[in-house]
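Have a look at the structure below, then the notes.
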Amino acid sequence: MKISITDNYKIIVIFISIFSFLISVWQSTYIYDSHHWGLMASNAFDFLNNKMPYEEIFIQYGIFTTIIHSIFMKVGNQSVLSIFFFTSLIYSISIYYFFLILKNKFQDKMALFAIVCLVLIHPFVNHPWHNYLTFFFLIMSLFFLEKDNNKDNLIAGLFFGFAVLSYEKFLIVFIFFLVGYAFINLRNKKIKNILFLLIGFSLPVSIFFTYIIFNEIFDDWMKYHSISNFYIGENYIFVIFEFLKNIFLIGVQRFIFEPYWIFFLVLLIINITFVCMFIMKKNFLKKEEEYLVYISLISISSFSSAIHALNSFRLATGVIIGIFILIHFLKKIKNMETMRIISFSIIVLLCLGINFKKSENNKLFITPISFEYYTNDKIRFFKYLKFNTDTWSHILYFDQKINEINQKCKNVNFAINYTNNNYYYLLISDVFETFQIKPGINTQNTLDLLTLELINPNLESNLKEKINKNNTMIIADLSYKVPKNYSYINLPYSYNNKDKRILIPKKCKTKV
C-alpha cells in the first residue's frame, strides 16, 4: 500500500508530537517545583475537597484550569505528576492539530515549516500552567471554525469559552478575534456564523456566572481582577511600550542563544503591517484569505499573556498563531528559490536556540547529577517523582512529623503554611484543616503580601486567635517570630528547603 506525501508529513508531525510528550514527561520526573507545581496541585486538591473557588481557593488565572487539573489529579491517584503528564499530552495534541489547520490552508511543506518553528522555540512543556490549556482550546476553536457550518461554529464558540474560563485574561484575545471575525462575516453576509459562535461561547460563560452568583462568590471573584494592577500598574500604555522595549533589548542581547525573541518581534511587526495593509488597501485579500485578519488579531493580542512576565512558553502558546501571516507573505514571493532560502534561514536561525543546558525554551533540562535521583512512593502526592536524598529526607521527615502531631496533639486541628513552598500546604491540608486561601506566603515579596491582603484580609487575625487557643500548627522560616506559648521542630536541611521549621504549642512539643 502506497503512502501519500501528505501522510508522510503527518507521520513526521505525529513523531514530533510524541517526542515532545515523552521528553516533557521524562524530564518532569526529576523536577522539584514547589511554586508552579505546588500551586496548581494545591488548588486542584482543595477543589477535590469541596472548598469554594475564590472564597477558599486561590484561583488567579481561571476556574476551568483548576477543574481540569482536579480531574487530572483524580485520574492520577492524586499524584502531582499527573497534572504535568496530561498538560504535556495536551500540548502534544495541540501541535498535531495546529499542523492540520495549517495543512488545510497552505501546502504540507509550509505547515511542517510552522511546526518545526514552534518546536524549535518551545519543544517541551515547562510548567503545568494554564497557557497550554488555553493554547489547546484556541487551536480546537480554529480547527472547528474552518468547517464553516452552524454546528462547528457552535463548538468553536464552546472552545473559546473554555479558553477564557481557563485564563480569564484571554478575554482580551477573544475580543480582538471577535472584532475581526464579525467584520469578515458581516461583510460576507454570514450573520449566522457570528450568532452560533457567540451562543457556543456564552454557554460555558453563563454557567460560570450562574455558579458564582448562586454561591455568592461574585465579589470574591472580582477581587482577583485587581491582582494584575499590583504587577503591571494602571498605566497600560506605558506598560506596553516598556514590554516592547524589553523584548527588543532581550532579542538583541540574546540573539545568538535565544533567537526566538527576535522571531516573535518580527511576527508582531509582520502582523501589525498585515492588519494595516488590510485596512488601507482595497482588495488586499482574496475572499478565501480573509480569515487571516482574525488570525492576525489573535497573534497580536496574545502578546498580552506575557506582558507581566516575558517567557517564551507564553508567546509560543498564543503569539505563534501569527506564523500564518508569515507564511502568507512567504507564499507571495514569486521566486520559489528565494522563498525556500528565507524559510531555511529562519529554521537555521531558530536552531541557534537549541542549548544542551537549562535555558528559556527548556527550563527542565536534565543534568547528569539528576540521574542520582530516585523515587519514593511513601507519599502519594509525589509518586513517580525522583528527588535527591536530602530532598526526600526533608519531605519524609516533615510528613512523619505532621502526622505525629495530628495523632498525638488532639487540640491542634488547624495548620498554616507561612512559607513560599506550596508543597507544605498540600501535605498539611491532607491532615489538618487550613484557613489560608493562598497556599504559600512569601514574606520577602511586597507584591505577594499585597495579594494576600486583598484576598485574605482576615488571615492574621484568624491566625492570632488560633495561636491564643493553641490549636494551630505553623510552618515557617527561621525569621518568623515564635509565639511565647509555642515551641518548634527544626526541619532537616535540603537544597530546596533551607531553614524551615514547624511551630507547635509547647504542650504538643512534649508529645512528639
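Packing, as the average of other Cβ atoms within 10 Å across residues, places the peptides 398-410, 442-454, 147-159, 122-134 in the order 122-134, 147-159, 398-410, 442-454, highest first.
Here's the picture: charge each Lys and Arg Cβ at +1 and each Asp and Glu Cβ at -1 in the chain, and of Phe201, Gly161, Leu326 the one pushed furthest to the positive end of that dipole is Leu326. The ellipsoid that matches the Cα gyration tensor of region 31-182 has semi-axes, each √(5λ) in whole angstrom, of 29, 20, 12, with the longest given first. Length gained on full extension, Lys378 to Asn490, computed as 0.36 nm times the residue gap minus the Cα-Cα distance: 38.2 nm.
Here is the short version for the chain: Cys117, Cys276, Cys351 have no other Cys C-beta closer than 4.7 Å.
If the label point is 7 Å along Cα→Cβ of Ile199, which residues in region 132-149 have backbone nitrogen under 20 Å from it? From region 132-149, the list is 141-149. Taken along the Cα-to-beta-carbon direction at a fixed 7 Å, the label points for Ser393 and Glu216 span 5.1 nm. Each of Gln60, Leu459, Ala182 was scored by the projection of its Cα onto the charge dipole of the chain, and the greatest displacement toward the positive side belongs to Ala182; charges sit on the C-beta of Lys, Arg, Asp and Glu. For the cross-link pairs Lys438/Lys481; Lys105/Lys331; Lys245/Lys286; Lys10/Lys357; Lys169/Lys192; Lys169/Lys358, the ones whose C-alpha atoms lie over 23 Å apart are Lys245/Lys286; Lys10/Lys357; Lys169/Lys192; Lys169/Lys358. Each of Leu186 and Glu242 was given a label point 7 Å from its Cα along the Cα-to-Cβ line. The distance between the two points is 3.5 nm. Judged by the ratio a/c of the largest to the smallest principal axis of the C-alpha gyration tensor, region 385-512 counts as oblate, that ratio being 1.5 or greater while a/b is no larger than b/c.
Each Cα pair under 8 Å and six or more residues apart adds its sequence gap; the mean of these over the residue count of the chain is a relative contact order of 17 percent.
For region 336-373, applying the loop criterion from DSSP together with a ceiling of 10 other beta carbons within 10 Å to the chymotrypsin sites (Phe, Trp or Tyr not before Pro) yields Phe356.
Packing around the peptides 381-394, 162-175, taken as the average count of other Cβ atoms within 10 Å per residue, puts them in this order, highest first: 162-175, 381-394.
If you wrap the tightest convex hull around every Cα atom of the chain and split its volume per residue, you get 171 Å³.
Across region 1-144, the mean sequence separation of Cα contacts (distance under 8 Å, 6 or more residues apart), normalised by length, yields a relative contact order of 32 percent. Dividing the convex hull volume of the alpha-carbon atoms in region 34-114 by its residue count gives 112 Å³ per residue.
Only the Cβ atoms of Lys and Arg (+1) and of Asp and Glu (-1) were treated as charged; on that basis the dipole of region 426-468 about its Cα centre amounts to roughly 40 debye.
Computed from the coordinates by the stated procedures, all read-outs in this text should not be read as laboratory data. The model shown is predicted, which means the values in this text are computed figures rather than measured ones. As a convention, Cβ positions derive from the backbone with ideal geometry for all residues, glycine included, and neighbour counts pool all protein chains shown.
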